[in-house]
Amino acid sequence: AQTVTQSQPEMSVQEAETVTLSCTYDTSESDYYLFWYKQPPSRQMILVIRQEAYKQQNATENRFSVNFQKAAKSFSLKISDSQLGDAAMYFCAYRNHWKEGANSKLTFGKGITLSVRP
Amino acid sequence: EAGVTQFPSHSVIEKGQTVTLRCDPISGHDNLYWYRRVMGKEIKFLLHFVKESKQDESGMPNNRFLAERTGGTYSTLKVQPAELEDSGVYFCASSLTRQGAGEQYFGPGTRLTVT
């Protein structure tokens with residue numbers, strides 16, 4: 001079974017600074033997807049960024065980028081130029097690459113609460 | 001385009017009562033998932049529908065939970081009878097496909113409190 005670990009329950013960052021959120025996972029699969037979801041205080045969870053395991057290049061989405069280390073099973077999220085609107089809970093998640101008979105569920109970490117100081 | 005909606009947003013019931021949660025996925029999304037987050041713990045998968053069929057219900061905790069998706073549109077999750085440990089936030093998600101990244105779009109969740 002796959003597991004996702006987010007060991008930091010909380011982090012704080014100064015507005016305009018950079019912060020890195022850590023995530024490790026465990027799987028015996030070689031092909032899979034990793035995601036970072038953001039859940040603002042209003043509770044609707046949205047996808048921030050995703051990484052396909054077979055792609056070596058790290059994914060980027062504007063101010064958000066990941067550091068994907070497949071051998072180390074590490075998937076950290078870097079937020080550059082932090083903004084007040086980035087304050088939220090962030091969840092790291094894993095999903096198997098789809099194939100017949102495989103499940104497509106997301107496996108989540110416990111989440112990390114990020115606060116942004118003005 | 002409307003996102004995933006869930007009703008109610010909050011529900012407070014007494015132990016032993018019945019509660020039904022509803023999820024309306026994004027129109028055209030065949031895949032519908034239920035997840036649950038108990039306070040302080042991970043978001044856990046409950047089950048997955050493809051259209052009206054249960055594809056994977058390995059996460060359902062026990063037979064007090066019953067999920068349906070009649071006609072392959074909206075889904076309901078009934079808890080009967082509710083226990084204290086059922087308290088938490090129940091999320092619904094939908095996706096167009098399971099293939100590729102199969103991005104799942106989440107609803108705002110239903111916060112269930114069992115007293």
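Of the solvent-accessible surface of the protein assembly as shown, computed with a 1.4 Å probe over protein heavy atoms with every protein chain present, carbon and sulfur atoms account for 47 percent. When accessible surface is computed with a 1.4 Å probe, chains B and A are found to bury approximately 2100 Å² between them, both chains counted. Here the stretch B:9-72 is treated as an ellipsoid with the same Cα gyration tensor; its semi-axes, largest first and in whole Å, are 21, 14, 13. Panel note: contact residues of the stretch B:29-57 (accessible area lowered by at least 50 Å² against the chain on its own; 1.4 Å probe) correspond to B:Arg37, B:Glu42, B:Ile43. Spacing of the modelled spin labels on B:Leu84 and B:Thr97, each 7 Å from Cα toward Cβ, amounts to 4.8 nm. Over all Cα atoms in the stretch B:68-115, the spread is summed up by Rg and Dmax: 13.6, 42 Å. A simple charge model with +1 on the Cβ of Lys and Arg, -1 on the Cβ of Asp and Glu and nothing else charged puts the dipole of the stretch A:18-92 at about 100 debye relative to its Cα centre. The alpha carbon convex hull volume per residue for chain A rounds to 99 Å³.
Each part gets one Cα centre, and for the stretch A:67-81 versus the stretch B:55-87 those centres are 35 Å apart.
Among the chymotrypsin sites (Phe, Trp or Tyr not before Pro) in the stretch A:27-96, those placed in a DSSP loop whose Cβ has at most 16 other Cβ atoms within 10 Å are A:Tyr54. Shape of chain B from its Cα gyration tensor (a ≥ b ≥ c, root eigenvalues): rounded if a/c is under 1.5, otherwise prolate when a/b > b/c, or oblate? Because a/c hits 1.5 or more and a/b exceeds b/c, chain B counts as prolate. Rolling a 1.4 Å probe across the protein heavy atoms gives the protein assembly as shown an accessible surface of 48 Å² per residue. Within the stretch A:10-112, list the GluC sites (Glu not before Pro) lying in a DSSP loop whose Cβ has at most 11 other Cβ atoms in a 10 Å radius. For GluC sites (Glu not before Pro) across the stretch A:10-112 that sit outside H, G, I, E and B with at most 11 neighbouring Cβ atoms in 10 Å, the list reads A:Glu100.
The reciprocal of the average 1/r between distinct C-alpha atoms defines the Kirkwood hydrodynamic radius, which for the stretch A:70-118 equals 13.4 Å. Comparing the full protein assembly with the isolated chain (1.4 Å probe, heavy atoms, ligands and nucleic acids excluded), the residues of the stretch A:23-71 losing at least 50 square angstrom of accessible area are A:Arg43, A:Gln44, A:Met45. Taking every lysine pair in chain A that is 8 or more places apart or spans two chains, those with Cα atoms closer than 16 Å amount to 4. Kirkwood's formula applied to the C-alpha pairs of the protein assembly as shown gives a hydrodynamic radius of 18.3 angstrom.
The values are calculated or read from the model by the stated rules, or taken from the named source; none is laboratory data. Since this is a predicted model, take the numbers as computed values, not measurements. Note that we place each Cβ from the backbone using ideal geometry, even for glycine, and neighbour counts take in every protein chain shown. Remember, those area values only see protein heavy atoms, side chains included, never the ligands or the DNA or RNA. Shrake-Rupley method; radii C 1.70, N 1.55, O 1.52, S 1.80 Å.
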